[in-house]
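Have a look at the structure below, then the notes.
FYI, it's all coordinate maths here, none of it is from the lab. Just so you know, these numbers come straight off a predicted model, no measurement behind them. Note that each Cβ is placed from the backbone with ideal geometry, even for glycine, and that neighbours are counted across all protein chains shown.
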Amino acid sequence: MDSNNLPTRAQYRSKKHPKHFYSRWWFWLIIIIILAGGVTAGMKITSTGPFKETTTKVEKKDTSKKKVKKQTGVTFYQYNGIYLNETSGTAIETVHSILGKPSSTSITENQGVKTEQDTWNDVKNGQLGSTLKVSFANGHAINKALNGLKVKRSEKLGLDAYSSVQNGQDVDAIHTNLGKPNSYSESLADGKSVVNYTYSSDVSGDTGANFVVTFTDGSVSGKSQSGME
């Protein structure tokens, strides 16, 4: 090439040369827009800027009520609430409305006096075979017995515990010294209340060993034991 024919710098600048497309400002603007679109794809714009779109699994709370097994059966509170009296004791209709239909019923009549004994086999906190029995004369409660309750004891009841029972002691003293009995019974005799406490669980002695404490009008009036050692 003949360098003598080359244009001078001033001549080259004075001539108009077409610009390549990649040197145009609008080309790079398009590139920036495309790149920006790729970054923001899958993102949301908020007043504080972009954030990535994520999905959060929300666990549904179990709002269904769990079924709780309702404890049923005659309670000591219900037994204790039955008032005994030949003319004004708790009416048989009232007892049935509270305790429901008895498991069994026996009826006798002597000299014009109708006596009915009702038995409920479902006793709350009761051992196998526990029962509540209530006797009615002419429709009013005159006797009652609650048998076979479960009782937890810290130690066995031996002859020393039995010997500690003395006539004249009240119910609270017996509860303090011996704990609660497994069975209760109450009746009327000559206008007086006669209550028997039977202790049969954790009693030292032969199988089936037990002892009974008798109260008359709230004070110890006697005791008896069977099979104790």
Q.
Taking 25 °C and 0.890 mPa s as the conditions, I'd like the Stokes-Einstein D for the range 73-229 in µm²/s, using the Kirkwood hydrodynamic radius from alpha carbon pairs.
A. 148 µm²/s
**Q.** Pairs from 101/124; 192/223; 133/223; 150/192; 101/133; 101/180 whose Cα-Cα separation, in the structure shown, is over 24 Å
**A.** 150/192; 101/180
Q | Neighbourhood net charge (12 Å Cβ-Cβ; Lys/Arg +1, Asp/Glu -1) for residue 108 | A | -1
Q) Taking the radius of gyration and the Kirkwood hydrodynamic radius from Cα positions alone, what is the Rg/Rh ratio for the range 131-203, to two decimal places? A) 1.03
